[in-house]
Amino acid sequence: MKFPWSNSSTLEIERQVYLRRGTRIGLKVLEQAKRIILSVALLLFGFICQADLAEASDGTRQDYGEEKRKYTVGALAFADPDVVYQRWAPSLSRVSAQTGIELVLIPLRPDELVERVSKNALDFIIGNALITVALKKDYGVSHLLTLVPLKHANPEQAVGTALIARESLEINGLKDLKQRKLISSDPNAFGGFQIFAGELINRGINPFKDLKHLEFVGFPQDKLLDHIVKGSADVAILPSCVLESAIAQGRLEVGQLHVLLPQVHPGFECQTSGSLYPGYAFSKLGNTDHQIARQIVRSLLDIDELDTEAKLGRYRAWSVPVEDSQVFNLLKRLERWPFVTNWQRLVERAIPWALVIAVILLLGYFHHLRVKRLVIKRTQALSDEMTQHKNTQKALFEQQKQFYRAQRILLTGEMASGIAHEVNQPLAGIRYLAQGSIYRLGDNQSELRQALTKMLQQVDRAQNTVKRFRQFCQQPSVYEACDLKELIEDTLNLMQPDFNRIDLKPQLFLWPLTVNVDASLMQQVFVNLLRNALDAMETSPDPRLAIAISNDSANAIITFSDAGTGLSETALKRLFFPFETSKANGLGLGMVVCKRIVEEHGGTIQAFNNQTLTAADVIERDLNSHFPRFNMGLSIVLTLPLTETK
């Protein structure tokens, strides 16, 4: 059977756990969370948290140990603290006198007691059976002694519940209470409400649902008797012997109030309305020295019922711990720990870790946002870089197209010059032969003369056509001051894809040197020389290329040296002849064009096989020792005048 009040509390010890007010819970949770979150911020929350807790605990114990050699005893208080002092202080004073251990008595309500225990601020506790059982589970409290009550010699039957009403009120059973106004001190009061609730459950009555007029009026418990006397309530739910004590103290007259549904328990001098349970217990906390506890236990066991301390404490003696199965049966009926899960306590313990997880997730989320932002930023930068690279490639491609177009035009002009040179001579010969034939014709050969005259006209027409074609292909050169270093670097950038194709990185020995040249034509010379070098190293396992700029008093000297296949001596001698080539698809005009351009600028161009170079050759004479000397391949040396070209 489940009851709505079973999640509120049943044990006095769980007043702290289940009915603790929001402010106290919040402060405790925030204090724990602060310590754990600090550990997370240091990225060592697991190990540091344990170290900090242990350190804090040791520090607390050291602080207590430094101020005393005092041991605190928390006594459960349901009445005025002075009453608690009067009951327990004499017994503790006797223990201190016998053992030399100074004990400090602190009366505490159930919630205060739990709070002190949770903070390790107590060494021993005096509490009822329920608080002892609960603290065993939650904080590892050790049950040392059980109190033998004054009213009964059996410590297992020390406390019960009593339903107290005016003498005129009688009931036949617990069901008659449903329409009565009932009062109790607290839902956690063991000797009062808790035992009474167990009796109701045995009879199928839900104390909160079925008792419509139940009210809790708080402590001290004696004031409940005043409510009954004044008629403001019908029935008071109190621990056994409270009525007898009030009569003995003269606060009530005999017959003024009585116990409803009284039960007889042999040897128990007070009237009860239910079963009896073990009474008070003396326990120690886990951090208390067991040697100290042993001395205190010995001293308490020496007290008997004739001693003043026992009379003031209203007990006969202290005994060994008793069997507490009755308490567990009561807990089972009330559906409390250990028979149900203490969800509120689990939640309370989980809150700091939940906060830590939330902080970690929050930090992870912020890190995710940061990484996402960096990814977006980097992606944008990469996109911009790719766009810029595409634009650069496009510009380079256009520049290459223009260069190749200019090169084709240049080759066309060179071809036109070559063709004009070769065609003009046969045409001139035809013209001379036709004119000689006309001179030898007679007057009667007019038809033949006319035919030869027309042939001369066609020859003149062909010569004019070749002349116009040659003039059309010729372009005027534009000379300007140009830095050879920048011009060569621009050419290398233009041909970078060709270098990447054979994994070649040229060795450069360049320095700024200004000459007056047509930059476009000179760049075509450099491109043609570099392309020839790359073609010569196409199948080379170790392609290498060196480019250097030097000068003498009158000329700038540009050297291109490769480690390619080189040329035979015959091919080297005819390198600058038109239509001479070693390539399968070559025209044989590239080097001719280069020679014509260089000579147009007033310079020279020479070629050397690297394996036949001597110290007298210009390349060996003018370059410094850092320029590499290859054992194979070809070196091309250009000279350009440093003075302005006319």
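Evaluated against (1) at pLDDT 85 or above; (2) out of contact with any helix residue (DSSP H, G or I) (no Cβ under 6 Å at 6 or more places or on another chain), Ala158 falls short on exactly one condition, (1).
Here Ala616 fulfils each of the conditions (1) modelled with pLDDT of 85 or more; (2) more than 29 Å from Glu480 (Cβ to Cβ) apart from (1). For the stretch 437-465, filtering for residues that are loosely packed, with under 11 Cβ neighbours inside 10 Å, modelled with pLDDT of 80 or more and part of a loop (DSSP other than H, G, I, E, B) leaves 2.
For every residue, the table says whether it meets (1) at pLDDT below 90; (2) touching a His at 6+ places or on another chain (Cβ under 9 Å).
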{"site": "Leu105", "(1), (2)": "no, no"}
{"site": "Pro110", "(1), (2)": "yes, no"}
{"site": "Glu115", "(1), (2)": "yes, no"}
{"site": "Asn128", "(1), (2)": "yes, no"}
{"site": "Gly140", "(1), (2)": "yes, no"}
{"site": "Leu145", "(1), (2)": "no, no"}
{"site": "Pro149", "(1), (2)": "yes, no"}
{"site": "Ala153", "(1), (2)": "yes, no"}
{"site": "Leu169", "(1), (2)": "no, yes"}
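Looking only at the stretch 262-282, count how many residues are closer than 22 Å to Ala310 by Cβ and assigned to a loop (DSSP other than H, G, I, E, B). Full working, then the answer.
The first filter runs over the stretch 262-282 and keeps only residues closer than 22 Å to Ala310 by Cβ, leaving 265, 267-270, 276-282.
When the remaining residues are screened for being assigned to a loop (DSSP other than H, G, I, E, B), the result is 265, 267-270, 276, 278-280.
Count: 9.
For the condition part of a strand (DSSP E or B) and more than 56 Å from the chain's Cα centre (by Cα), Val259 qualifies.
I need the full set of residues from the stretch 582-613 which are polar (S, T, N, Q) and at pLDDT below 70, in order please. Steps first, answer last, please.
Within the stretch 582-613, the subset polar (S, T, N, Q) is 582, 585, 604, 606, 609-612.
Passing the criteria: Ser582, Asn585.
Taken over the stretch 488-518, the criterion of being aromatic (Phe, Trp, Tyr) and over 22 Å from Gly602 (Cα atoms) is satisfied by Phe499, Phe509. The C-beta contact set for the stretch 66-84 (first residue closer than 25 Å to Asp289 by Cβ, second residue among the hydrophobic types (A, V, I, L, M, F, W, C) and at pLDDT below 85, distance under 7 angstrom, 6+ apart or interchain) comprises Leu76/Ile131. For the stretch 246-289, a tally of residues being surrounded by fewer than 17 Cβ atoms within 10 Å (Cβ to Cβ), under 30 Å from Asp123 (Cβ atoms) and touching a strand residue (DSSP E or B) at 6+ places or on another chain (Cβ under 8 Å) returns 1.
The values are calculated or read from the model by the stated rules, or taken from the named source; none is laboratory data. This structure is a prediction, so every number in the text was calculated from the model and none was measured. Neighbour counts are summed over all protein chains in view; Cβ atoms, including those assigned to glycine, are modelled from backbone coordinates with ideal geometry.
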